[in-house]
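Just below is one structure, and these are the notes that go with it.
The values are calculated or read from the model by the stated rules, or taken from the named source; none is laboratory data. Because the structure is predicted, anything quoted here is derived from the model rather than measured. Methodologically, a virtual Cβ is constructed for each residue, glycine included, from the backbone with ideal geometry; neighbour enumeration extends over all protein chains shown. Side chains are part of the model used for accessible areas, which takes the heavy atoms of the whole protein and leaves out ligands, DNA and RNA. Shrake-Rupley method; radii C 1.70, N 1.55, O 1.52, S 1.80 Å.
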Amino acid sequence: MPRSRTVLGATLASLVAIGLTVTAGVVPATSTPPSPGSSAAALSVAGRAPDTEGDILDRVRSLRGVTSVTEAAAPAGYRFFKITFRQPVDHRHPEAGTFEQRLTLLHKDTSRPMVMYTSGYNVSQNPSRSEPTQIVDGNQLSMEYRFFEPSIPDSPDWPRQLTIWQAASDQHRIIRAFQRIYRESWITTGGSKGGMTATYHRRFFPDDVDGTVPYVAPNDVDNDHDAYNEFLANVGTDPQCRAALTAVQRRILGPDRAWFLERTRADAEASGDTWEVLGSLDRGMETAVVDLYFTFWQYSPQSACADVPGPEATNEEVWAWTQGVVPLTGYLDQGLLGTLAYYYQAAYQLGWYEAYEAPLADVLQHPGGWGGANFVPEELKPIAFDRRAMADIDRWVRTRSTEMLYVYGGNDPWGAEAFECGRRAVQRECSVHVVAGGTHGARIAQLPEAERLAATAQILAWAGLGPDDRAAKEVAADGRPAHVTGLDRRPDYLRPPGR
């Protein structure tokens with residue numbers, strides 16, 4: 001989930017330079033959507049005649065909101081476009097100005113369904129197909145989340161402009177614009193924070209699309225009551241693996257702390273990294289070590305327990321292993337500021353998990369410093385947490401959502417607090433699927449055959465594809481969609497682009 005440590009070269013000075021604007025102690029913007037017919041809801045292009053003439057490049061360029069389109073290489077049978085789309089910085093106050101949001105479009109044919117994808121972070125500049133896109137053999141429109149560079153206003157007002165409703169409104173305007181060209185069924189999807197994003201969009205604009213497939217989407221309903229620590233204490237089926245992970249953490253933070261601190265310092269200085277946000281290099285390293293246990297289970301199958309360093313491993317070998325799980329520099333400034341928009345949202349509306357510190361209590365020097373506003377610079381504080389936001393989303397999913405298909409990994413800690421469909425789930429076509437032993441890369445292809453085929457059939461139905469459609473025939477013949485080299489990840493693996 002939201003654990004990307006992509007280095008975007010941001011620094012505290014550059015954040016100030018782009019114009020951090022924050023009102024101290026501001027009351028959080030309401031999560032309630034505008035009433036039908038309000039000015040905020042009327043910014044779509046509904047009512048315009050569908051665009052059916054000309055080359056797809058020219059048709060996309062002509063769409064209201066599109067400010068630039070560049071075509072890039074794509075595999076045979078597809079065309080790939082990099083797009084910028086003009087959005088209001090504040091959908092409630094469109095007069096407040098605009099910013100440019102990045103999109104990409106993988107075009108196959110306007111007669112095919114459209115899948116809209118978001119990671120909840122940046123947008124990849126390379127063509128690829130999400131699993132729902134593979135299943136329906138369709139087009140894919142991918143969206144960068146607001147406030148991830150370069151899709152950020154010149155003078156951002158974080159508490160008013162970076163809300164789940166504002167982001168959902170971004171997605172709504174894009175969908176309504178592109179539906180002029182793509183008139184067939186639409187499905188939204190995303191992994192991790194992208195799965196959360198897809199859910200939030202449907203809550204505020206439930207009629208925009210025909211179905212939604214969120215992957216590994218956390219649902220932190222009550223930020224004061226977590227299920228994560230109990231989950232982590234019992235995750236997997238191998239107690240020795242859990243013990244080995246804890247032993248490595250205790251070694252780094254205990255008897256060998258000085259060695260690892262100096263190794264972290266050398267690595268940080270070599271890369272130009274700093275530690276102003278957390279205040280000290282030691283605290284930054286300790287935060288990364290605490291995260292090792294969670295992130296190991298997030299992304300690694302239990303079989304990777306064989307690679308956990310034992311007591312005979314050298315410090316260099318332990319260091320090398322951490323680089324593949326959580327680099328000990330991962331929570332220094334460049335790691336934190338690269339995904340600042342996520343950490344701000346976690347502190348503002350999304351919530352965050354309680355760190356699994358109990359097995360490390362006697363070797364911690366900075367306990368209780370995990371998550372929330374601890375990971376954002378002082379210029380953005382204080383942040384007033386909106387306790388209504390996630391409760392509203394959870395209530396909607398359990399009682400009113402329709403056409404929702406959730407996928408989780410059984411060993412993924414983020415699934416400890418998952419969405420539930422509630423009563424009358426079958427009638428509302430809402431379902432939750434868990435890949436046994438799966439990670440944060442869980443996908444439909446990993447489900448047991450009967451469950452996999454049922455989920456795939458549901459997506460095909462939402463896409464309006466009957467048994468005679470070529471995508472449905474492919475699934476019927478092979479039990480899974482056709483794989484396209486150059487576009488699809490390996491069928492047994494998915495890692496959301498945010499990581």
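Restricting to the range 218-264, name every residue that is touching a residue at least 12 places away in the same chain (Cβ under 8 Å), over 25 Å from HIS440 (Cβ atoms) and in a loop (DSSP other than H, G, I, E, B).
Within the range 218-264, GLY254, ASP256 qualify.
Among the numbered criteria (1) touching a residue at least 40 places away in the same chain (Cβ under 8 Å); (2) assigned to a helix (DSSP H, G or I), which single criterion is violated by LEU328?
Only one criterion is unmet by LEU328, namely (2).
Report the residue count in the range 302-323 for those that are part of a helix (DSSP H, G or I) and not acidic (Asp, Glu).
12
Yes/no per residue for (1) aliphatic (A, V, I, L, M); (2) at pLDDT below 95; (3) surrounded by fewer than 24 Cβ atoms within 10 Å (Cβ to Cβ); (4) touching a Lys or Arg at 6+ places or on another chain (Cβ under 6 Å):
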| position | (1), (2), (3), (4) |
| --- | --- |
| GLN179 | no, no, yes, no |
| THR189 | no, no, no, no |
| MET196 | yes, no, no, no |
| ARG202 | no, no, no, no |
| VAL216 | yes, no, no, no |
| ASN219 | no, no, yes, no |
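Pick from HIS433, HIS366: which is touching a residue at least 60 places away in the same chain (Cβ under 8 Å), open to solvent by 10 Å² or more (accessible area, probe 1.4 Å) and not aliphatic (A, V, I, L, M)?
Unique residue meeting the criteria: HIS366.
Could you tell me whether any residue of the range 388-398 is open to solvent by 40 Å² or more (accessible area, probe 1.4 Å), of a type in the set (Lys, Arg) and under 25 Å from LEU106 (Cβ atoms)?
No.
May I ask you to list the residues in the range 335-356 that are in contact with a Pro (Cβ under 9 Å, 6 or more places away or on another chain), farther than 13 Å from PRO218 by Cα and not in a helix (DSSP H, G or I)?
Across the range 335-356, the qualifying residues are THR339, ALA355, TYR356.
Can you confirm whether ALA482 is farther than 27 Å from PRO206 by Cβ and surrounded by fewer than 18 Cβ atoms within 10 Å (Cβ to Cβ)?
So ALA482 fits the description; yes.
Anything in the range 66-93 that is surrounded by fewer than 15 Cβ atoms within 10 Å (Cβ to Cβ) and farther than 15 Å from SER128 by Cβ? List them, or say none.
Result: THR67, SER68, THR70, GLU71, ALA76, ARG86, HIS93.
Being under 21 Å from the mean Cα position of the chain (by Cα), β-branched (Val, Ile, Thr) and assigned to a loop (DSSP other than H, G, I, E, B) is the requirement here; does THR439 meet it?
It is true that THR439 is under 21 Å from the mean Cα position of the chain (by Cα), β-branched (Val, Ile, Thr) and assigned to a loop (DSSP other than H, G, I, E, B).
Residues that are free of Cβ contacts under 8 Å to residues at least 60 places away in the same chain, outside any loop (DSSP other than H, G, I, E, B), open to solvent by less than 50 Å² (accessible area, probe 1.4 Å) and polar (S, T, N, Q): does the range 94-102 have at least one?
Looking for residues that are free of Cβ contacts under 8 Å to residues at least 60 places away in the same chain, outside any loop (DSSP other than H, G, I, E, B), open to solvent by less than 50 Å² (accessible area, probe 1.4 Å) and polar (S, T, N, Q), one finds none in the range 94-102, hence no.
Got a number for residues in the range 53-108 being among the small types (Gly, Ala, Ser) and either under 27 Å from the mean Cα position of the chain (by Cα) or within 20 Å of PRO153 (Cα to Cα) (or both)?
7
Would the range 68-79 turn up any residue that is hydroxyl-bearing (Ser, Thr, Tyr) and touching a residue at least 40 places away in the same chain (Cβ under 8 Å)?
The answer is yes; a qualifying residue exists.
Can you tell which of VAL123, VAL136, VAL115 is within 21 Å of ARG202 (Cβ to Cβ), among the hydrophobic types (A, V, I, L, M, F, W, C) and open to solvent by 10 Å² or more (accessible area, probe 1.4 Å)?
After ruling out the rest, the residue left standing is VAL123.
So, VAL426, is that one open to solvent by 30 Å² or more (accessible area, probe 1.4 Å) and modelled with pLDDT of 95 or more or not?
yes
Can you pull out every residue in the range 265-286 that is within 16 Å of ALA320 (Cβ to Cβ) and either in contact (Cβ under 8 Å) with a residue 60 or more places away in the chain or in contact with a strand residue (DSSP E or B) (Cβ under 6 Å, 6 or more places away or on another chain) (or both)?
ASP267
Suppose we filter the range 265-301 for residues that are open to solvent by 20 Å² or more (accessible area, probe 1.4 Å), assigned to a helix (DSSP H, G or I), under 30 Å from ASN234 (Cα atoms) and not charged (D, E, K, R); how many remain?
The number of residues fulfilling the criteria is 1.
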